[in-house]
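Notes for the one structure printed next.
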Amino acid sequence: MLNAQVPSALSRRDQIRKEAARLFAARGFLGVGVDEIGKAVGISGPGLYRHFSGKDAMLADLLVGISERLLEEGRRRAGDAPDALGALDALIGGHVDFALDDRDLIILHDRELLHLKEEDRRRVRRLQRGYVELWVDVVRQAFPALAEDGAEQTARAAVHAVFGLLNSTPHSAGPQLAQGERSGLSRDGMAALLHSLALGAFAAAAGGAADVTG
């Protein structure tokens, strides 16, 4: 009976979000009907309209919501850190958690952003730019070579490369990653590896920038 009660810990709106993300990621936004989402959370399809105006609103809620969350959480983590390297560590840790724990949302962003209304798509892009610039500022403070004149584009390219590395994890790992295993690595082991790779990428970018400016 305990297992049957677990979903009730989520609000109905959060249950809908979770199941919509899962279904959209598995079968595509266009391949999922409102009735299927309703069935997954135990209510009629029309009953969903008490929480969302339709599928478009669900997708916008998911993609705008995760962009807002990443930016807000990133700002909080960076602001709470004692120094620039600590801020970068905190940012990497937060994004690694996102990559490992929000697989469906990463897939949705990659595949379904084009299905957002133009206004919502612009909002997501604006939030993403803010998130990127937050990272660029922190990276340039953490690695002085990247703060030199002419090195800003290298820092920005490194940030995008690290995002690509971290965000590709769900695609390469498959569903087993969400259960904590990939090629014998525990979730914590995978998180530590990704964290190390991200730091290494920034250090390499800083080394390359130092060679150019030196």
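The values are calculated or read from the model by the stated rules, or taken from the named source; none is laboratory data. Remember, it's a predicted structure, so these values are computed and weren't measured experimentally. Cβ sites come from the backbone with ideal geometry, for glycine too, and all protein chains shown count toward neighbours. What goes into the accessible areas is simple: the full protein's heavy atoms, side chains included, and nothing from ligands, DNA or RNA. Shrake-Rupley method; radii C 1.70, N 1.55, O 1.52, S 1.80 Å.
Whole number in Å², please: accessible area per residue of segment 1-128, 1.4 Å probe, ligands, DNA and RNA not counted.
Values: 6860 Å² over 128 residues.
Heavy-atom accessible area per residue stands at 54 Å².
If you plug each phi of segment 54-66 into the Karplus form 6.51 cos²θ - 1.76 cosθ + 1.60 with θ = phi - 60°, what whole-Hz ³J(HN,Hα) values come out, in order, with x for Gly and Pro?
After applying 6.51 cos²θ - 1.76 cosθ + 1.60, I find x, 4, 4, 5, 5, 5, 5, 4, 5, 7, 5, x, 6 Hz.
In whole Hz and in residue order, list the ³J(HN,Hα) couplings for segment 71-76 that follow from phi through the Karplus curve 6.51 cos²θ - 1.76 cosθ + 1.60, θ = phi - 60°; x for Gly and Pro.
Running phi through 6.51 cos²θ - 1.76 cosθ + 1.60 with θ = phi - 60° gives 5, 5, 5, x, 4, 5 Hz.
Give me the number: length gained by fully extending ILE43 to SER186, i.e. 0.36 nm times residue separation minus the C-alpha to C-alpha distance, one decimal in nm.
This chain segment gains 47.9 nm when fully extended.
Calculate, axis by axis, the spread of Cα positions in segment 1-153 along the three principal axes, and write the results as whole Å, longest axis first.
That works out to 58, 40, 23 Å along the principal axes.
In whole percent, how big is the carbon plus sulfur part of the accessible area of the chain, probe 1.4 Å, protein atoms only?
Carbon-and-sulfur percentage of accessible area, whole number: 52.
By how many nm would the segment from ASP101 to SER53 grow when fully extended, if each residue of separation counts as 0.36 nm and the alpha-carbon distance is taken off?
Working it through step by step, the gained length comes to 14.6 nm.
Roughly how big is the chain's charge dipole about its Cα centre, with Cβ charges of +1 (Lys, Arg) and -1 (Asp, Glu), in debye to the nearest 20?
800 debye
Give me the number: length gained by fully extending ARG129 to ARG69, i.e. 0.36 nm times residue separation minus the C-alpha to C-alpha distance, one decimal in nm.
Contour length minus Cα-Cα distance gives 20.2 nm.
Under the rule of -39500 (n - 2.57) per DSSP H run of 4 or more residues, summed and divided by the residues of the chain, what mean residue ellipticity at 222 nm is obtained, to the nearest 500 deg cm²/dmol?
Computed ellipticity for the chain at 222 nm equals -24000 deg cm²/dmol.
Whole angstrom only: what separates the Cα centroid of segment 148-163 from the Cα centroid of segment 36-57?
Segment 148-163 and segment 36-57 have Cα centres separated by 42 Å.
Quick one: what are the phi-derived ³J(HN,Hα) couplings along segment 197-205, Karplus 6.51/-1.76/1.60 with θ = phi - 60°, whole Hz, x for glycine and proline?
My calculation for segment 197-205 gives 5, 5, 4, x, 5, 5, 5, 5, 4 Hz in order.
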